[in-house]
Amino acid sequence: MKHRQTLLIAAVAASFSAAALAADVEAAKGLAEQNNCLQCHGIKKDKDGPSFLKTAEKYRGKANSEDELVKHLNSGKEIKLADGSKEKHKVIKTIPPNDAAQVKNLVQYILSVQP
Amino acid sequence: MSNSGSNRGGTGWWAALRRPSAKYSLIALLTAGFAGGIIFWGAFNTGMEATNTLEFCVGCHEMRDTVFEEYKYSIHYSNRTGVRAVCSDCHVPKDWTHKLIRKVKASGEIWGKLTGSIATKEKFEAKRLQLATNEWERMKARDSIECRNCHSFDAMSPEKQQQTPYKKHMQAKLEGASCIDCHKGIAHKLPKGYKDPNAKDAEEW
């Protein structure tokens, strides 16, 4: 009985967090296409960079995941490539510029990718 | 009989035009014709150039509120080095034959405005995917010549460019891929309904 209850609570919590992550998928796609993200990232397939699914799994259940990814996209931070060399990650651009809501929406979409 | 001579020469301006000139030498006439030609050609060219300016292109509202607004936020409008690409740099071929063809086609687009097929922002938005597809095809057909008037694979520095894009560019050069294959939406928002071929795994999205 105890076990069942925990399951129920977990399920409710999961559906809540899923709701919290319900991004505007169309807008997210548009922003990713506009920025050429898909040249280097598959949704579920690794390319030069990890698939969005992989990123979602990496961050699942972590606090601050959203903020961290927003920062990743805005800062052009140094990343490590497969061969060990380094380069700056692409900085995302929005129309109009610096629209935090659009970037956040894309990040929420990325974090919500399911296998 | 005595009249026929003067009749053959005729009177009035038409006759004067037809009569071999006694007053002006052939050289003078040729010079005048040449100068006239230059003036005509110059005026024609000026017209062609006038319609190539940023102001002309955004003169109509549909452009000003949409593609121009988006372009103003782009790197081709304002950047570190102050080199600006204006509408015609990307949309009007530099050489004569292609330029003329494009202008005639553009007249068709103005027709679209006059007859109302793109006369409102909504109608324009509805046509954008079609207009964009036309531009992609036109650019692709000439290997993105407009982009390459300013950019080239050979001028890309392996040190200054990030290495993943650099590798992609060198690969693209080998494979004969064209700028527009990978750089759509470089100056404007991608139209609604556009599908990125890079999301090949269509079920992905």
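The values are calculated or read from the model by the stated rules, or taken from the named source; none is laboratory data. Source: prediction; values computed, not measured. Don't worry about glycine lacking a Cβ; one is built from the backbone with ideal geometry, like all the others, and counts go over all protein chains shown. Note: areas computed on protein heavy atoms with side chains; ligands, DNA, RNA excluded. Shrake-Rupley method; radii C 1.70, N 1.55, O 1.52, S 1.80 Å.
Key figures
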{"item": "For region A:18-112, size of Cβ-based charge dipole, Lys and Arg +1, Asp and Glu -1, in debye", "result": "240"}
{"item": "Positions from region A:26-43 whose accessible area shrinks by 10 Å² or more when the full protein complex is built, not the chain alone, probe 1.4 Å", "result": "A:29, A:33, A:34, A:36, A:38, A:39, A:40, A:43"}
{"item": "Projected label distance in nm at residue B:122 and residue B:60, using a 7 Å step from Cα toward the beta-carbon", "result": "1.9"}
{"item": "Dipole of region A:18-112, positive direction: furthest Cα of A:50, A:40, A:84, with charges on the beta-carbon", "result": "A:84"}
{"item": "Residues residue B:94 and residue A:82, FRET efficiency given R0 of 56 Å [Cβ-Cβ distance, rounded to 0.05]", "result": "0.85"}
{"item": "Given charges at Cβ of Lys, Arg, Asp, Glu: region B:65-109 dipole, positive-most of B:93, B:75, B:106", "result": "B:93"}
{"item": "Point-to-point label distance, residue B:167-residue B:150, nm (Cα→Cβ direction, 7 Å offset)", "result": "2.8"}
{"item": "Ellipsoid equivalent to region A:18-112 - semi-axes via the Cα gyration tensor, in Å", "result": "20, 16, 13"}
{"item": "At least 10 Å² of accessible area lost relative to the chain alone, listed for region A:88-104 with a 1.4 Å probe", "result": "A:88, A:93, A:95, A:96, A:97"}
{"item": "Buried accessible area, chains A and B (both chains, 1.4 Å probe, Å² to nearest 100)", "result": "2200"}
{"item": "Under-5 Å amide H pairs with residue A:87, H placed in peptide plane, nonlocal only", "result": "A:79, A:81"}
{"item": "Sulfur and carbon atoms: percent of accessible area, region A:18-112 [1.4 Å]", "result": "53"}
{"item": "Pairwise FRET efficiency - residue B:23 versus residue B:78, Cβ, R0 = 45 Å, nearest 0.05", "result": "0.15"}
{"item": "Total formal charge among the other residues, if their Cβ is under 10 angstrom from that of residue B:78, Lys/Arg +1 and Asp/Glu -1", "result": "+3"}
